[in-house]
Amino acid sequence: MDPKTDKLVRRTTMVATAVASYILLTADYGPQPSALDPIKNAILSAERSVKEFVFGSKKVGQENEAEKAPNSSEKV
């Protein structure tokens, strides 16, 4: 097989495996606790961390808005 094609097939397989694993691990198994809960929590925590890193923390944004907003007791 051509080296470029082989590389593409390997990468596609790795991505497909990762996506399938993510879907299976984060599936809803009902209200009963399962052995996969710690793994699911770790994935969700990593997802939140990446979102906070990329988009910024919501807490920081809210604090900045609170500092910028004028107090209602101050007259303009």
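Read-outs throughout are calculated quantities, based only on the coordinates presented, and are distinct from any laboratory measurement. Everything numeric here is computed off the predicted structure, so don't read it as measured data. Positions of Cβ are generated from backbone atoms using ideal geometry, with glycine treated the same way; all protein chains shown enter the neighbour counts.
Structure above, values below:
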item: Ranked list, fewest to most other Cβ atoms within 10 Å of each Cβ, for D28, D6; result: D28, D6
item: Under 14 Å, Cβ to Cβ, from P3 - net charge with Lys/Arg +1 and Asp/Glu -1; result: +2
item: Length released on extending from E52 to K40, taking residue separation times 0.36 nm less the Cα-Cα span; result: 2.5 nm
